[in-house]
Amino acid sequence: MATDVLVRHAVTQKGTGTQPMLFLHGFGCDQNMWRFISPAFMDDYRLVLIDHAGCGASDVSVYDAERHASLDAYASDVLEVCAALDLQDVILVGHSVSAMIAVLAANREPERFSRMILIGPSARYIDDGAYVGGFAREDIEGLLETMDRNFIGWANFLAPAIMKNPDRPELGEELTASFCSTDPVVARGFARATFFADNRADLALVRVPSLILQCSDDIIAPLSVGEYLHRELPGSTLRVMNATGHCPHMSAPEETIALMQDYLASPPRT
Amino acid sequence: MSRGNVDRTLDHAPCCFVTIDDERRILYANATAHTLLGYDAGALEGKSFESLLSLPARIFFQTHLDPMLRLHRRADEIFLLLAKQSGEKAGVLMNASTRVEGEASLIDFVMLEVKERQKYEDELLRARHFADEARATLEQQYLRLSEQSAALEHASRAKSEFLATMSHELRTPLNAIGGYTEILKLGIRGPVNDAQLDDLVRIQKNTLHLLNLINEVLNLSRIESGTVDYDIGVIRPIKLVESVEPLLRPQIDAKGLRLAIDRSVPDETLFARGDEEKMQQVLVNLLSNAMKFTNAGGNITVSFERVPTSSECIRSTDTILIHVRDSGIGIPASRLNAVFDPFVQISSGLTRTHEGAGLGLAISRDLARGMGGDLTATSTLGEGSTFTVALPTA
C-alpha cells in the first residue's frame, strides 16, 4: 500500500514549492544529514526525504539481506516512494552510494526525473586494473571490522536521545539522535553492497542531466573518480569544491547550496 | 592550577588528548599522543587528524564519525585503528566532544590504547562470525528438512489415499466373487457335485485370504501414518489372554497343541496401561503365529512379569511383560530383527511354507509402540521362539 512505503522509509515532506526535490542519504547516515542545506530549498521546491531500508527511522524489518545485497533493490525502493507520492519532474539529490542509487533509478524511469545532483559519487570503489577506485578489497574488509567493533559496544548509538544544537538556534528543532543508529546487521550489509558494487556500465545509459559535486581530499571519492564519472556520464557537469572530506553538505553547507542553486538556475546540459 | 601545571598533568596522563579545529587540523596533542604515535614533541600540531588514522578508520571517520560529530556534537566509545609514524597500527577507544571557543568550533578527543581489549574483541568477533555462519547453515538445513518433511508427508498422504482407494476397488469385486461363490455352493444355480464343491470352497478360502491381506495392508498403512486412535486405559493382561483363548481354541485343538497360561505372578501386580481392543489384536496375532510355526503336539505358554523399566520407549518406573513362548521351529539369529519388517516370513525353503502376508508382527509392534510399549523377540532355531509385549504399568 502507498501509505506503507511512506512509513517503511520514514518519508518526510516539507517545502512550499511544486517541483519535487528528493534527497537520498549516503552510507553511514540517514536523512538528518540534509538538515544544513534543505532549508535553503524549502521556498522553491517540495522537499521529500527518505531513509533507506534499515537506516535511521525506517522499518528495519523491511531490510532483506538477500534483496538489499544489490543497489538495485534500493533503487526499487526509491521508485516505489516516487510512485506512492506520484512524483514527476523530480530533482534527485544523492550523496555517496545514493548517487549510484539515483543513477539506477533514473535509468529505469528516466521520464520521472528532470535532473540529478550527485554529491561525492563513485561508480566503483575498488581498484580494477587501470581504473582507480581508491581502495583494495582488504581496505573494505578493514572497514567492516571497524564497524563490527563499534557495534559491539555502541549501545549509546542505538539508544534514542534528544539533542539540541545550541550554536544553530535558527534551526529551532530538536534532533532525535537516531543518526547512525543503523542495525549492525543492516550496516554491514549496506557497507558490502556499497563498497563491492560496480556501476560503471550503468553510466552510459543515463538520460537525465546531472551535477557532480566533487570534494577536495575526499578519501571515499577521490578526484580521479569524479573525473571518470564526468567523462562517462552523459549530460554531466562537474564542480570541484573547496570543501574537503566526504560530506560537504554537512561540513560546507553554504558552498554546497550555492553550487546546487547555480546549477538549478541554468539550463541543463544535454 | 596554573596553565603550566595543567599542561604537565595532561602530558603525563595515561591517555591521549587531541584537539582539532573545524578544518580537522590538530591544534594540540599531549605528550602521550606523540609517544604512542611515534612523533617528536610538537610534530603533530598542524597535521590533519585523518593522517593519524589507518585507511579503514579514515573511511569510517568520513562516513560515520565526522557526520555524527557535526550533528550530535559528541561520540563515545568509538574504536579506531590509528596509524603510527612507523606504519604500525594502534587500536584505541575514543571519546570526543565538540565545543565553541570564541569564533572557533573545536573537537576534543580522549583516546586510550586497548591492546588486551582488542584481543578480547577479536575473539568475540571470531565467535560471532562463526555463530552467524553456523546459524546460516542450520537455517538452510532446517529449510531443506522442512521441504523433505513436506514431501514425505505428501507422499505418505498420497500412499494412504491410494491404499484406501485400492482397498475399496479390490474389496468390491472380491466380495462379489465371494457372494456368487456362496450362491453356487448353495446350489441355487443348480446341483453341485463334490469336486465342484471342493473347488468352490478353495475359491472362497482364497477370496477370504485376499480380503484379509487387503485389511492388513490398510491397517499397517493407517498405523504408520499415525491415523489410528488409541483408547488408553487400565488393562489386566491375564484376563485379556483368557478372553482371546476361546477364539483360538478350535485351531489349537485341531493341531493337537497345548496352550498354558502361567498365573504364578499375582494378577493385582500386573495392571498395565494400553488399548484393550488393540492388545487383543496383538495377542491373537502372536498366538496365531505361535500355532502356525509349532508342529503338532507342541506347547505354547503365556507368562507374565513385572520388571523395572529398561526400555527408552517406555515412560514408567515399571514395565509389564507378556511372554508368548512356543516350542516351534524357531528363527535363525541372523533373521530375528527382520521378523518385524512388513511382508517378511522366515522360511528355510524356497517356497512359502505358511500362509499369511507377513504383516502381523509389523502391525503388532506398531500397535504396541503406539500404546507406549514395545514388542521384541528371542529365539533358538529348532527349539522355539518367545515374543514379548512390554507395556507401562498403570
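Numbers at a glance
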{"item": "Any hit, the range A:204-217, residues being within 14 Å of chain B (Cβ to nearest Cβ), out of contact with any Pro (no Cβ under 7 Å at 6 or more places or on another chain) and of a type in the set (S, T, Y)", "result": "yes"}
{"item": "Candidate set: the range B:80-102, residues that are hydrophobic (A, V, I, L, M, F, W, C) and closer than 11 Å to B:L53 by Cα; chosen: the one farthest from the other protein chains (Cβ to nearest Cβ)", "result": "B:A90"}
{"item": "B:L259 being assigned to a helix (DSSP H, G or I) and touching a residue at least 12 places away in the same chain (Cβ under 8 Å)", "result": "no"}
{"item": "Out of A:L175, A:L213, sole residue that is surrounded by 14 or more Cβ atoms within 10 Å (Cβ to Cβ), modelled with pLDDT of 90 or more and touching a strand residue (DSSP E or B) at 6+ places or on another chain (Cβ under 7 Å)", "result": "A:L213"}
{"item": "Test: residue in the range A:216-228 that is part of a loop (DSSP other than H, G, I, E, B), among the aliphatic types (A, V, I, L, M) and at pLDDT 95 or above", "result": "no"}
{"item": "Extreme residue, surrounded by the most Cβ atoms within 10 Å (Cβ to Cβ), among residues of the range B:103-124 that are β-branched (V, I, T) and away from every other protein chain (no Cβ under 11 Å)", "result": "B:I107"}
{"item": "All strands (runs of 3 or more DSSP E) inside the range A:1-79 with 3 or more residues being touching a residue at least 40 places away in the same chain (Cβ under 8 Å)", "result": "A:20-24"}
{"item": "Scope the range B:212-242; condition in a helix (DSSP H, G or I) and of a type in the set (S, T, N, Q); matching residues", "result": "B:N212, B:N215, B:N219, B:S221"}
{"item": "Residue in the range B:50-72 that is surrounded by the fewest Cβ atoms within 10 Å (Cβ to Cβ), counting only those that are more than 7 Å from every other protein chain (Cβ to nearest Cβ) and over 17 Å from A:A136 (Cα atoms)", "result": "B:S51"}
{"item": "Residue check for A:S114: touching a residue at least 12 places away in the same chain (Cβ under 8 Å) and either polar (S, T, N, Q) or open to solvent by 50 Å² or more (accessible area, probe 1.4 Å) (or both)", "result": "yes"}
{"item": "Residue count for the range A:80-90, restricted to those that are in a loop (DSSP other than H, G, I, E, B) and of a type in the set (A, V, I, L, M)", "result": "1"}
{"item": "Unique match (being touching a residue at least 24 places away in the same chain (Cβ under 8 Å) and not hydroxyl-bearing (S, T, Y)) among B:R189, B:R171, B:R202, B:R144", "result": "B:R171"}
{"item": "Considering residues of the range B:3-49 that are open to solvent by less than 60 Å² (accessible area, probe 1.4 Å) and within 14 Å of chain A (Cβ to nearest Cβ) only, the residue farthest from the chain's Cα centre (by Cα)", "result": "B:D21"}
{"item": "Members of the range A:122-146 found to be within 14 Å of chain B (Cβ to nearest Cβ), within 29 Å of A:W34 (Cβ to Cβ) and either in contact (Cβ under 8 Å) with a residue 24 or more places away in the chain or open to solvent by 50 Å² or more (accessible area, probe 1.4 Å) (or both), listed by number", "result": "A:S122, A:Y125, A:I126, A:G133, A:G134, A:F135, A:I140, A:L143, A:L144"}
{"item": "Residue within the range B:226-240 that is under 24 Å from B:S167 (Cα atoms), of a type in the set (S, T, Y) and modelled with pLDDT of 85 or more present", "result": "yes"}
{"item": "Residues satisfying the stated conditions in the range B:232-246, i.e. open to solvent by 50 Å² or more (accessible area, probe 1.4 Å) and either within 38 Å of the chain's Cα centre (by Cα) or of a type in the set (V, I, T) (or both)", "result": "B:I232, B:V234, B:R236, B:K239"}
{"item": "Residue within the range A:38-57 that is open to solvent by 10 Å² or more (accessible area, probe 1.4 Å), small (G, A, S) and under 19 Å from A:G189 (Cβ atoms) present", "result": "yes"}
{"item": "Counted residues, the range A:241-260 - those being open to solvent by 50 Å² or more (accessible area, probe 1.4 Å) and within 18 Å of the chain's Cα centre (by Cα)", "result": "1"}
{"item": "Test: residue in the range A:91-98 that is open to solvent by less than 20 Å² (accessible area, probe 1.4 Å) and assigned to a helix (DSSP H, G or I)", "result": "yes"}
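The values are calculated or read from the model by the stated rules, or taken from the named source; none is laboratory data. Remember, predicted model here, so these are calculated numbers, not experimental data. No Cβ is skipped: glycine too gets one built from the backbone with ideal geometry, and neighbour counts run over all protein chains shown. Just the protein is used for accessible areas: all its heavy atoms, side chains included, with ligands, DNA and RNA removed. Shrake-Rupley method; radii C 1.70, N 1.55, O 1.52, S 1.80 Å.
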